[in-house]
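Rule-based calculations on the coordinates, nothing more; no lab input. Given the structure is predicted, the values throughout are model-derived calculations rather than measurements. Because the Cβ atoms are built from the backbone with ideal geometry, glycine has one as well, and the counts that use them run over all protein chains shown.
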Amino acid sequence: MIFLRMFAYLLPILFFCSIACAQEDGRNLSNQIAAVIDTVHTTAGSDFVVERTEGVDPRYETVIKRLVKDGWDEAYVREIFSDSRTVYIPKMVTVKPRKKVDQSNWYTWVNTEESSKACIDFIKRHDSLLNAVEKQYGVDKETIAALLRCETKHGTVTGDYHVLSVYASMTLMSEAWAISDNSKNAREIMKEGGKTNKQINDEIAWIKSRSKKRGNWAYKELDHLLKIHKAGKWDVRDLYGSWAGAFGWAQFLPSSYRRLATDGNGDGKIDLYSPSDAIHSVANYLSKGGYRSGNATKIKKALKSYNPSSAYANSIYALSVRVQKDMAEQ
Ligand SMILES: [Ca+2]
């Protein structure tokens, strides 16, 4: 479904471009990759570029090599990487110099009258399921409704990024050629911005450490994703999510899916796009995060285990309180 929807949004710019290929040792290779560049328009309203190649994208060869070294069967991995849905996402490999970002407005849309109404509708739609979950996990239905409102507007905005491609591309961030390109770009940007050599060198040191950390994190998530695929209950080649690779109504990462996602309707598959599995999984996650009904500190702590931002936790908590109040007044 999501796969089909994504392709409806694709605006194919059908021309071949030449992209300098690079290898793990940092040497830029002279051979060229023929890729088709597409622009993907997301439901959330932003565009991003993907590059498609026939078969396995040569840039992913090092990722495949690493997976094989870690015990994956080469033919199995190659088949997944040569799938036509697997693409290269250039922005996932890019690390720019840091800018001061004001995050205070990020979640102001969450605790609103409109959100409260949407949550009350959601609670009414899934009344018996939410009551059962509340009993089983001790997690309030208002919190589940508020969290799902914040994450995906109750499953209506779940993301248009091909999850496997997100992690495969992001893994490349830690390779020498990517670090070199990102450092060079940062130097140019910062020089133009009048920064001192010390400021530039400090930022490049940050880029190096960030790239290694983030690239390794992405590789681990890719490994989890392949394990989900291998388990045979979910075809991850058809999985779309956020730019960070989070998917489903509840925006789980592959690692959190394997650890905490729950088969709510007992059909043997955990589908985070189904209301029952998504709601059970959120409740299980918050319950394991120390959620205690009626205890604001523990509720916020559990929400922060989901997303470490205080603004995130405070906004969802405030919305859940508003929903409780609005429901009592109905
Ligand atoms: Ca299920």
Item to complete: Could you grab the relative contact order for the chain? Cα pairs under 8 Å, six or more apart, rounded to a whole percent.
Response: 19 percent
Practice prompt. Give the calculated FRET efficiency between D263 and D121 to the nearest 0.05, with a Förster radius of 25 Å applied to their Cβ-Cβ distance.
Written response: 0.45
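Quote the charge dipole size of region 103-150 about the Cα centre in Debye, to the nearest 20; the model charges only the Cβ of Lys and Arg (+1) and of Asp and Glu (-1).
Result for region 103-150 is approximately 120 debye, rounded to the nearest 20.
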Worksheet item: Taking θ as phi - 60°, what are the ³J(HN,Hα) couplings along region 197-207 by the Karplus curve (6.51, -1.76, 1.60), each to the nearest whole Hz, with x for Gly and Pro?
Response: 4, 5, 4, 5, 5, 4, 5, 5, 4, 5, 4
Practice prompt. For D238 and K191, calculate 0.36 nm times their separation in residues minus their Cα-Cα distance, and state this gained length in nm to one decimal.
Written response: 12.7 nm
Worksheet item: Got a sec? How would H224, H280 order by Cβ neighbour count within 10 Å, fewest to most?
Response: H224, H280
Discussion item. Can you tell me which aspartates and glutamates have their Cα less than 16 Å from the Cα of K230? Leave out same-chain residues fewer than eight positions away.
Written reply: D70, D73, E74, E79, D83, E221, D238, D271
Worksheet entry | Difference of contour (0.36 nm per residue) and Cα-Cα distance, T108 to D73 | 7.9 nm
Response to the item:
Per GNM of the chain with C-alpha springs under 10 angstrom, the most fluctuating residue out of Y161, Y257, Y137 is Y137
Practice prompt. Place a +1 charge on the Cβ of each Lys and Arg in the chain and a -1 charge on the Cβ of each Asp and Glu, then give the dipole magnitude about the Cα centre in debye, rounded to the nearest 20.
Written response: 1280 debye
Worksheet, complete the sentence: Farthest towards the positive end of the dipole of the chain, among L226, G248, Y317 and with Cβ unit charges of +1 on Lys and Arg and -1 on Asp and Glu, lies the Cα of Y317
Worksheet entry | Length gained when the stretch S310-M327 is fully extended (0.36 nm per residue, less Cα-Cα span) | 3.6 nm
Worksheet entry | Spin-label proximity, S128 to region 306-330 - amide N less than 16 Å from point 7 Å beyond Cα toward beta carbon | none
Discussion item. How would region 177-330 be classified by its alpha-carbon gyration tensor: rounded, prolate or oblate, with rounded meaning a/c under 1.5 and the a/b versus b/c comparison settling the rest?
Written reply: oblate
Response to the item:
If unit charges are put on Cβ atoms (+1 for Lys and Arg, -1 for Asp and Glu) and the dipole of the chain is taken about its Cα centre, the option from I270, S183, N284 lying farthest towards the positive end turns out to be S183
Worksheet item: What is the distance in Å between the Cα centres of region 52-114 and region 168-240?
Response: 9 Å
Response to the item:
Interchain or sequence-distant (5+) residues whose placed amide H lies within less than 5 Å of the amide H of Y240 are V163
Discussion item. Over the Cα atoms of the chain, what radius of gyration and what Dmax do you get, in Å?
Written reply: 21.5, 69
Fill in: Taking F48, F252 and counting other C-beta atoms within 10 Å, the order from fewest to most
F48, F252
